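Enquirer: Below is the structure I would like to discuss, written out as structure tokens.
The values are calculated or read from the model by the stated rules, or taken from the named source; none is laboratory data. Being a predicted model, the structure only gives us computed values, none of them experimental. Counting neighbours? That spans all protein chains shown, and the Cβs are built from the backbone with ideal geometry, glycine included. Keep in mind that these areas ignore ligands, DNA and RNA; they rest on the heavy atoms of the full protein, side chains included. Shrake-Rupley method; radii C 1.70, N 1.55, O 1.52, S 1.80 Å.
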Amino acid sequence: MLAINNIEVIYDHVILVLKGVSLEVPQGRIVALLGGNGAGKTTTLKAISNLLRSERGEVTKGSIEYKGERIDRSSPSELVRRGVVQVMEGRHCFQHLTVEENLLTGAFTRSASRAQIAQDLEKVYAYFPRLKVRRKSQSGYTSGGEQQMTAIGRALMAQPNMILLDEPSMGLAPQVVEEIFEIVKDLNSKEGVSFLLAEQNTMVALRYANYGYILENGRVVMEGDAENLRTNEDVKEFYLGLSSAGRKSFRDAKHYRRRKRWLA
Amino acid sequence: MQFFFEVLIGGLLAGVMYSLVALGFVLIYKASGVFNFAQGAMVFLAALTFVGLQEKFGLPLWGAFPLTLGVMVLLGIGIERVVLRPLVNQPQITLFMATIGLAFFLEGVAQLVWGTEVRRLDLGLQDEPIESVMERFNLLISKFDLVAALVAGLLVAVLAVFFNKTRIGRALRAVADDHQAALAVGIPLKQIWAIVWSVAGFVALVAGLLWGARNGVQFALTFVALKALPVLILGGFESVLGAIVGGLIIGASEKLAEVYLPSLMSDFLLKHYDISINLAGIEGWFAYMLALVFLLVRPEGLFGERHIDRV
Ligand SMILES: Nc1ncnc2c1ncn2[C@@H]1O[C@H](COP(=O)(O)OP(=O)(O)OP(=O)(O)O)[C@@H](O)[C@H]1O
Ligand SMILES: [Mg+2]
């Protein structure tokens with residue numbers, strides 16, 4: 001459904017960040033985009049949702065297609081209308097708006113009736129009961145987990161086909177992370193929403209995703225079924241910090257050699 | 001005591017006029033974080049266009065009003081196109097400088113089109129005491145001031161509903177909070193900015209009519225914007241309510257200070273230090289001094305949004 005073809009992204013006309021990234025998100029799937037700090041995950045998601053332009057970034061090569069049509073030139077607002085919504089890294093709730101107002105802004109692009117919107121709101125609350133309790137609170141004063149839920153709920157109010165979800169686990173306690181990923185899985189199976197999920201938390205992401213790509217330095221260095229990636233020795237070693245011989249230090253020589261091989 | 005109330009009420013009503021101007025600033029500051037230096041010029045342009053249209057085409061009030069409003073809306077859309085859009089992603093200070101340029105441009109254009117002489121603006125409202133109030137309470141309350149206050153009150157109520165209860169209003173507040181996130185949920189910033197500037201144009205028109213009717217439509221109207229500054233510092237730059245309360249406080253305290261402070265102060269100085277000075281004209285600077293004190297005590301203003309720091 002979403003296909004990225006060999007894209008290059010440049011910030012400020014000079015900083016080359018993505019160096020030919022290709023990936024695909026088939027309908028109804030959860031695809032994980034993994035990699036460390038500065039690998040280019042966020043940049044990839046913003047290239048798709050076209051939020052790059054507002055950060056002086058630009059896709060200079062390659063193409064992005066959604067449902068068989070080029071979307072490189074569509075505005076973020078058009079994309080939301082067509083069903084692609086990004087949930088930004090760090091949640092970005094509207095802090096001075098209440099939780100419920102935040103959710104309502106998500107429906108901005110829709111010309112649905114009041115009753116329809118109210119119904120969708122209830123649906124979001126059904127997925128995130130905690131938000132219903134907090135609905136009158138200013139979202140700036142809610143917890144990190146609640147803000148992440150608000151951000152996802154807000155995206156849901158646009159009735160998306162695909163959500164680009166950027167590091168939902170950031171700064172959250174493990175149980176909350178589980179809770180959120182469970183809801184993501186539910187949304188995927190019950191509402192048929194596809195997800196492209198950028199995560200540093202490789203372990204959790206691969207448990208919930210169907211397929212994964214590993215990004216390093218603006219290139220895809222590895223891809224495969226989540227199952228395979230999870231059991232892959234290299235992935236285990238580099239991203240999970242485990243190997244058959246036990247934990248390895250980051251400076252390990254072997255580590256370095258393998259890394260070299262990937263980047264080649 | 002009678003006299004005290006008269007001064008107080010007169011001050012409060014005059015304060016409403018300040019609020020009206022401050023309101024225009026608040027709208028734009030809320031949605032785009034820009035201090036719009038051109039707000040005063042917009043007030044001037046609106047008032048001048050209004051009387052200009054009346055004179056040239058012999059239009060009645062209700063004919064010139066929608067036409068002028070149309071001009072202000074077009075202006076809002078034009079400003080988004082020509083000034084704001086090319087400056088997206090530039091630092092706030094660049095935008096602020098752009099509004100300074102805009103102020104001179106608007107002042108120039110207004111005078112080029114309509115000429116530079118002072119004009120009378122007649123809204124059919126007399127600046128005379130209301131008789132019934134005078135008979136019953138023995139207070140002198142200006143009819144003009146009262147109507148102006150009512151208009152301002154109505155305007156604020158409409159704006160409050162607009163901001164809090166409508167889809168567009170909510171989007172405006174969302175944009176004010178977080179541009180990036182607003183873009184991400186599909187709110188088109190360009191459209192929102194055009195709307196905000198149009199609404200600010202509408203507020204400028206109302207302010208321009210009231211101020212113009214009171215002082216005459218002339219270049220000095222652009223300076224009413226300066227009176228809005230202390231109001232904003234007192235009330236907070238982001239708050240519609242702050243603009244109102246700030247205006248009331250400034251209006252009332254400045255009138256009371258003008259009336260009572262000089263005699264109090266000079267008596268005091270004469271008695272204790274044997275100095276005699278003339279403290280008349282305190283009204284001109286009292287508001288700024290009050291604002292300065294406030295800036296030291298509570299920089300975000302009475303109703304300004306506190307920045308929510310949470311990680
Ligand atoms: N607006 C920008 N201007 C210039 N360079 C940028 C900009 N945004 C990101 N970069 C650079 O692009 C590279 C990739 O950043 P990106 O945010 O995509 O990484 P990421 O994989 O999302 O990292 P993280 O896991 O830390 O969020 C980094 O080296 C970063 O410094
Ligand atoms: Mg990132």
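Enquirer: Using the structure shown, decide if B:V73 is more than 14 Å from chain A (Cβ to nearest Cβ) and open to solvent by less than 50 Å² (accessible area, probe 1.4 Å).
Expert: On the way: more than 14 Å from chain A (Cβ to nearest Cβ): yes; open to solvent by less than 50 Å² (accessible area, probe 1.4 Å): no.
Against the criterion (more than 14 Å from chain A (Cβ to nearest Cβ) and open to solvent by less than 50 Å² (accessible area, probe 1.4 Å)), B:V73 does not qualify.
Enquirer: Next question, about the same structure. For residues in region A:44-59 being open to solvent by 10 Å² or more (accessible area, probe 1.4 Å) and within 8 Å of ligand 1 (Cβ to nearest atom), which is farthest from A:M170 (Cα to Cα)?
Expert: Ranking the qualifying residues of region A:44-59, first place goes to A:R56.
Enquirer: If you scan region A:18-29, which residues turn out to be buried (at least 17 other Cβ atoms within 10 Å of the Cβ) and either modelled with pLDDT under 95 or closer than 26 Å to A:E237 by Cβ (or both)?
Expert: Listed by number, the residues that qualify are A:L18, A:V21, A:L23.
Enquirer: Please determine whether any residue of region A:54-69 is farther than 21 Å from A:S22 by Cα and more than 7 Å from every other protein chain (Cβ to nearest Cβ).
Expert: The initial filter retains those residues of region A:54-69 that are farther than 21 Å from A:S22 by Cα, namely A:54-56.
Narrowing the set further to residues that are more than 7 Å from every other protein chain (Cβ to nearest Cβ) leaves A:55.
There is at least one residue in region A:54-69 that is farther than 21 Å from A:S22 by Cα and more than 7 Å from every other protein chain (Cβ to nearest Cβ).
Enquirer: Could you tell me whether A:A151 is assigned to a helix (DSSP H, G or I), away from ligand 1 (no atom under 16 Å from the Cβ) and touching a helix residue (DSSP H, G or I) at 6+ places or on another chain (Cβ under 9 Å)?
Expert: Working: assigned to a helix (DSSP H, G or I): yes; away from ligand 1 (no atom under 16 Å from the Cβ): no; touching a helix residue (DSSP H, G or I) at 6+ places or on another chain (Cβ under 9 Å): yes.
Judged against the criteria, A:A151 is not a match.
Enquirer: Something else now. Check B:E283, B:E300 and return the single one that is open to solvent by 30 Å² or more (accessible area, probe 1.4 Å), under 14 Å from B:V26 (Cα atoms) and of a type in the set (D, E, K, R). Even if it seems obvious, please write down each step before you answer.
Expert: Values: B:E283 fails: under 14 Å from B:V26 (Cα atoms).
From the options B:E283, B:E300, the qualifying one is B:E300.
Enquirer: Collect the residues in region A:108-136 that are more than 13 Å from every other protein chain (Cβ to nearest Cβ) and aromatic (F, W, Y), keeping them in residue-number order.
Expert: Correct list: A:Y125, A:Y127, A:F128.
Enquirer: Please verify whether region A:30-41 includes one or more residues that are at pLDDT 95 or above, within 10 Å of ligand 1 (Cβ to nearest atom), in contact with a helix residue (DSSP H, G or I) (Cβ under 8 Å, 6 or more places away or on another chain) and within 14 Å of chain B (Cβ to nearest Cβ).
Expert: No, region A:30-41 contains no residue that is at pLDDT 95 or above, within 10 Å of ligand 1 (Cβ to nearest atom), in contact with a helix residue (DSSP H, G or I) (Cβ under 8 Å, 6 or more places away or on another chain) and within 14 Å of chain B (Cβ to nearest Cβ).
Enquirer: Go through (1) out of contact with any Asp or Glu (no Cβ under 8 Å at 6 or more places or on another chain); (2) at pLDDT below 95 and name the single condition A:V124 misses.
Expert: The number of the failed condition is (2).
Enquirer: Tell me the helices (runs of 4 or more DSSP H) entirely within region B:133-225 that contain at least 1 residues that are within 23 Å of the chain's Cα centre (by Cα). First the steps, then the outcome.
Expert: Numbers: elements: B:143-165, B:167-177, B:179-184, B:189-215.
Here the list reads B:143-165, B:167-177, B:189-215.
Enquirer: Return the residues of region A:85-107 that are facing chain B (nearest Cβ under 7 Å) and free of Cβ contacts under 8 Å to residues at least 60 places away in the same chain; say none if nothing qualifies.
Expert: A:H92, A:F94, A:Q95, A:H96, A:L97, A:E101, A:L104, A:T105, A:G106, listed by residue number.
Enquirer: Condition check: surrounded by 23 or more Cβ atoms within 10 Å (Cβ to Cβ) and charged (D, E, K, R). Does A:R70 satisfy that? Full working, then the answer.
Expert: Values: surrounded by 23 or more Cβ atoms within 10 Å (Cβ to Cβ): no; charged (D, E, K, R): yes.
It is false that A:R70 is surrounded by 23 or more Cβ atoms within 10 Å (Cβ to Cβ) and charged (D, E, K, R).
Enquirer: In contact (Cβ under 8 Å) with a residue 40 or more places away in the chain and within 22 Å of B:F163 (Cβ to Cβ), is that true of B:F50? Please lay out each step first, then the result.
Expert: Values: in contact (Cβ under 8 Å) with a residue 40 or more places away in the chain: yes; within 22 Å of B:F163 (Cβ to Cβ): no.
It is false that B:F50 is in contact (Cβ under 8 Å) with a residue 40 or more places away in the chain and within 22 Å of B:F163 (Cβ to Cβ).
Enquirer: The conditions are (1) closer than 19 Å to A:T150 by Cα; (2) crowded, with 23+ Cβ neighbours inside 10 Å, and A:E100 fails exactly one of them. Which is it?
Expert: Status for A:E100: all satisfied but (2).
Enquirer: Could you list all residues from region A:73-84 that are in contact (Cβ under 8 Å) with a residue 60 or more places away in the chain and either outside the structural domain of A:A155 (by TED's automatic domain parsing) or buried (at least 24 other Cβ atoms within 10 Å of the Cβ) (or both)?
Expert: Scanning region A:73-84 gives A:V80, A:V84.
Enquirer: Now, a different point. A:D12 versus (1) within 14 Å of ligand 1 (Cβ to nearest atom); (2) open to solvent by 60 Å² or more (accessible area, probe 1.4 Å); (3) of a type outside the set (A, V, I, L, M, F, W, C); (4) away from every other protein chain (no Cβ under 14 Å): which is the lone unmet condition?
Expert: (4)
Enquirer: Identify the residue in region A:121-148 that is assigned to a helix (DSSP H, G or I) and of a type in the set (V, I, T) and, among all such residues, is farthest from A:L2 (Cα to Cα). Please lay out each step first, then the result.
Expert: Residues of region A:121-148 that are assigned to a helix (DSSP H, G or I), as a first pass: A:121-127, A:129-133, A:139-141, A:144-148.
Checking the rest, the ones that are also of a type in the set (V, I, T) come to A:124, A:133.
On the way: A:V124: 25, A:V133: 36 Å.
The qualifying residue farthest from A:L2 (Cα to Cα) is A:V133.
Enquirer: Considering (1) charged (D, E, K, R); (2) away from ligand 2 (no atom under 16 Å from the Cβ); (3) in contact with a helix residue (DSSP H, G or I) (Cβ under 9 Å, 6 or more places away or on another chain), say which one A:D225 fails and leave the rest.
Expert: Looking at each condition in turn, A:D225 falls short on (3).
Enquirer: When region B:53-68 is examined, which residues are found to be over 13 Å from B:R119 (Cβ atoms), among the small types (G, A, S) and touching a residue at least 12 places away in the same chain (Cβ under 8 Å)? Full working, then the answer.
Expert: Within region B:53-68, the subset over 13 Å from B:R119 (Cβ atoms) is B:57-63, B:65-68.
Checking the rest, the ones that are also among the small types (G, A, S) come to B:58, B:63.
Answer for region B:53-68, where residues must be over 13 Å from B:R119 (Cβ atoms), among the small types (G, A, S) and touching a residue at least 12 places away in the same chain (Cβ under 8 Å): there is none.
Enquirer: To continue, here is another question. Of the residues A:R70, A:R56, only one is without any contact (Cβ under 8 Å) to a residue 24 or more places away in the chain and more than 16 Å from ligand 2 (Cβ to nearest atom); which? Break it down into steps so the answer makes sense when it comes.
Expert: Details: A:R56 fails: without any contact (Cβ under 8 Å) to a residue 24 or more places away in the chain.
Of the residues listed, the single one that is without any contact (Cβ under 8 Å) to a residue 24 or more places away in the chain and more than 16 Å from ligand 2 (Cβ to nearest atom) is A:R70.
Enquirer: Can you tell me which residue within region A:108-153, out of those that are in contact (Cβ under 8 Å) with a residue 12 or more places away in the chain and polar (S, T, N, Q), is most open to solvent (accessible area, probe 1.4 Å)?
Expert: Filtering first and then ranking leaves A:Q138.
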